[in-house]
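Please read the structure below before turning to the comments.
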Amino acid sequence: MFPTNARHVHRLLKFRHTVWGPVGTAPCSRLVLGIETSCDETGAAVLDETGDILGEALHSQKEVHLRTGGIIPTVAQQLHRENIQRVVQEALERSNVEPSQLSAVATTVKPGLGLSLGIGLEFSQRFVRQHDKPFIPIHHMEAHALTVRMLQPVAFPFLVLLVSGGHSLLAVARGVDDFLLLGHTLDEAPGDTLDKVARRLSLIKHPQCSTLSGGQAIELLAKDGDRTRFPFKTPMGRMYDCCFSFAGIRNQVTMTIIKKEKEEGVEQGALLSCVNDIAAATQHTVASHLAKRTHRAIMFCKAAGLLPPDNPTLVLSGGVASNQYIRKALTIITEATGLHLLCPPAKFCTDNGVMIAWNGVERLREGKGILPPNVDVFYEPKAPLGVDMTAEVKAAAIKVPSVKMKIPN
Ligand code: KG4
Ligand code: ZN
């Protein structure tokens, strides 16, 4: 994914951004503390201006929410409250950085669970006031979209598909704070669908899946499954836009589970014998849906001249982008359309403090959205990303040629 010459160019680019001190002194680079609490991860990291991670810490609430069968906002809030101080302190200690050395603090303020966002925001505002530091409010989806640029040089504009537990969107990233929204989910997000299917299948009782998120459990079980046994229908075949819908897939899967429970004579909550096949068919349908809508977005971008003719790129990120089968489905589409697919490693696809700090670095470099410490900032549970182009995409009504989704397991 990161060829040597790309690494070399990246190092040169990093060098360019280094700020040199007075003659004879070591180069100095501005430092940003990033804080993430938008959902169920309490994350913090310190990055320098070149994107080097000096220290990071992450507390995941996943196992607690797995046991309660989903995220209970008040529980998430309490866990953020209990952990934020320690997580931030650990990130600072690991990076050997004192608060006084920071150039800014960047924190997710939208979109996400209000109660969770509130903890990170309240902590951050207290912190920047105490240490008299600038504050950079961060849009969580902007951070997912830009993470790739911390790892290798990716010039604007590029197409981005962001898939997580709370979102599914296609956008053209034209600049750090300049996005064109081509499509979004009309109901639930793919990670949410996979989590709910996993819960309905009681995968927490499966010996291999007890500590895995729903998406991870489905991916693991699907490896030994036959996806052709349950031919679920890919949604929105007659809607010629780039929006998504996953509730219908979940409904089809639930109906199949109910039917199989009757056939096997087992109660809801027991593990079905065909879990691997159901997991494989669900994953394939989600992957095909994402691939088809992305194919249309690529065609729209080409027709509208929204991507560069040289090396046009699709970036895939967000928690669901950790899924190797979904990555392969998108590779089929990018190969068919001449795009280059880039995907951060799984650790940077799921929520973390590093991506927020990096977004802070990108904004600091461009002097965008940097606030003095005493300005009151409010969190926003719902916040669209960029300029809404979904009506233009729909009006273009682009028919996508059929591509065989022969995805190797
Ligand atoms: O980006 P993220 O950490 O949090 C949100 O912003 O939502 O994404 C979490 C979601 C969960 O729904 C989880 O089931 C899903 O990402 N996920 C996966 C995989 N790993 C995590 N979905 C499919 N395959 C995976 N390997
Ligand atoms: Zn996320």
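Listed values, structure above:
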item: Residue in segment 159-178 that is within 16 Å of ligand 1 (Cβ to nearest atom), β-branched (Val, Ile, Thr), in a loop (DSSP other than H, G, I, E, B) and at pLDDT 95 or above present; result: no
item: Segment 181-196 residues that are touching a residue at least 12 places away in the same chain (Cβ under 8 Å) and among the hydroxyl-bearing types (Ser, Thr, Tyr), paired with ones that are open to solvent by 20 Å² or more (accessible area, probe 1.4 Å) and in a helix (DSSP H, G or I) (beta carbon under 6 Å, 6 or more apart); result: Thr193/Arg250
item: Residue ID - farthest from Val163 (Cα to Cα), chosen from residues in segment 249-271 that are at pLDDT 95 or above and open to solvent by less than 20 Å² (accessible area, probe 1.4 Å); result: Glu261
item: Sole residue being under 16 Å from Ala346 (Cα atoms), touching a Lys or Arg at 6+ places or on another chain (Cβ under 7 Å) and within 16 Å of ligand 2 (Cβ to nearest atom), chosen from Gly165, Gly214; result: Gly214
item: Odd one out for Ile407 among (1) open to solvent by less than 70 Å² (accessible area, probe 1.4 Å); (2) farther than 28 Å from Thr50 by Cα; (3) outside any loop (DSSP other than H, G, I, E, B); result: (3)
item: Segment 385-399, residues that are in a loop (DSSP other than H, G, I, E, B) and crowded, with 17+ Cβ neighbours inside 10 Å; result: Leu385, Gly386, Met389, Ile398
item: Matching residues in segment 214-246 - criterion: being open to solvent by less than 40 Å² (accessible area, probe 1.4 Å), within 15 Å of ligand 1 (Cβ to nearest atom) and of a type in the set (A, V, I, L, M, F, W, C); result: Ala217, Ile218, Leu221, Ala222, Phe244, Phe246
item: Checklist (1) part of a helix (DSSP H, G or I); (2) within 17 Å of the chain's Cα centre (by Cα) applied to Leu181, failing item; result: (1)
item: Qualifying strands (runs of 3 or more DSSP E) (wholly inside segment 25-140; at least 3 residues being within 16 Å of ligand 1 (Cβ to nearest atom)); result: 31-36, 41-48, 53-60, 104-110
item: Qualifying residue in segment 202-213 (condition: aliphatic (A, V, I, L, M), open to solvent by 60 Å² or more (accessible area, probe 1.4 Å) and in contact with a Leu (Cβ under 7 Å, 6 or more places away or on another chain)); result: yes
item: Of residues in segment 324-344 being touching a residue at least 60 places away in the same chain (Cβ under 8 Å) and open to solvent by 10 Å² or more (accessible area, probe 1.4 Å), the one nearest to Val154 (Cα to Cα); result: Leu339
item: Qualifying positions in segment 323-354 - among the basic types (Lys, Arg) and within 16 Å of ligand 2 (Cβ to nearest atom); result: Lys347
item: Whichever residue in segment 285-322 is assigned to a strand (DSSP E or B) and away from ligand 2 (no atom under 16 Å from the Cβ) and, among such residues, is surrounded by the fewest Cβ atoms within 10 Å (Cβ to Cβ); result: Thr313
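The values are calculated or read from the model by the stated rules, or taken from the named source; none is laboratory data. Bear in mind the structure is a predicted one, so any value in this text is a computation, not a measurement. Because the Cβ atoms are built from the backbone with ideal geometry, glycine has one as well, and the counts that use them run over all protein chains shown. Ligands, DNA and RNA are stripped out before the accessible areas are found, and what is left, the full protein with its side chains, is counted by its heavy atoms. Shrake-Rupley method; radii C 1.70, N 1.55, O 1.52, S 1.80 Å.
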